[in-house]
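These notes concern the structure reproduced below.
The values are calculated or read from the model by the stated rules, or taken from the named source; none is laboratory data. Nothing here was measured: the structure is a model prediction, and the numbers come from that model. Note that we place each Cβ from the backbone using ideal geometry, even for glycine, and neighbour counts take in every protein chain shown. Please note that ligands, DNA and RNA were not included when accessible areas were found on the heavy atoms of the full protein model with its side chains. Shrake-Rupley method; radii C 1.70, N 1.55, O 1.52, S 1.80 Å.
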Amino acid sequence: MMGILRLFYVILHFFITYIHNLHVALSELVDRIKPVIKDRTYHWPADCHVLLTATTVKLGANIKDESLLLQKIGSELKRLNKLPIHVACLLTEKDVNIDRMIVIIEWFVSMGVYCISLYDHEGCIASCQDEIKIKLKGVVANLPNGLRSKSIAVHKGFVKKEFFTSDSINVFLMNRYDGKSLFTQVAQRIVDELNYSQIDQSVVEQAMNQFYPKEPELMVQFGSLLSNTTLGYSPWHLRLTQMMRVPNHTRLRVDHLVSTMLEYGSCQQRFGK
């Protein structure tokens, strides 16, 4: 009897593993072809050439090869009609690989995105601020020639306007508590610095505009199984944000980000109309 149960367990484990691997393989395939088949507004063949170039990266390719490939096609991505200024990276995984996130930041910068927010619910990333600062210093040396003169600033939470330099590469480390802190600072600013007869929306927006980062145009959800999971990200900063899902950050490849950028560039925002 035990032998039959053991055999049944082995067969069941084999089928579950097979189905899981098949699901992963199909997900990878969909990630590659999704931008091509989902929307027909791409400029053929230029935009699709960017994607097809990126998909030549084979599974298991090392990070250096992917970085070199992205530098090669980065100039083409910058010519897209629509490119986000601020990208928010929402991490749904419990364990965050800091080295991999450094590489992902480098990829975004190579694509022309110089404001990146890294958000996790519990604030694990924010606790690694010093480590991230040190490791990002080495990123500058790997950037294309035109970007090596840029400085890199790593901020914890929202910062006042005077501490933000638009010419720099700005990385924000965010968690669920930052929204409450921002509202406290905004309320204090309204009381101390602004002349007003009554508090209205324009007064609040004027005060909030003194803090960075601004609302992200694109939120990339890493490893999220739910299409629009925000995990406590400040909702007033997501009014017009396009949300897209990508694989776990440890499995992310260059073509995933290229695919996301092409899909974002093809979306038409109707602003509620």
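Structure notes:
- Residue check, PHE108 over 16 Å from the mean Cα position of the chain (by Cα) and either at pLDDT 80 or above or more than 25 Å from GLU217 (Cβ to Cβ) (or both): no
- Scanning the stretch 153-160 turns up at least one residue that is at pLDDT 80 or above, open to solvent by 50 Å² or more (accessible area, probe 1.4 Å), part of a strand (DSSP E or B) and closer than 13 Å to VAL171 by Cα.
- Residue match in the stretch 221-230 (condition: open to solvent by 10 Å² or more (accessible area, probe 1.4 Å), touching a helix residue (DSSP H, G or I) at 6+ places or on another chain (Cβ under 7 Å), part of a loop (DSSP other than H, G, I, E, B) and over 14 Å from TYR119 (Cβ atoms)): no
- Residue that is nearest to THR241 (Cα to Cα) [pool: residues in the stretch 84-111 that are part of a helix (DSSP H, G or I) and open to solvent by less than 10 Å² (accessible area, probe 1.4 Å)]: PHE108
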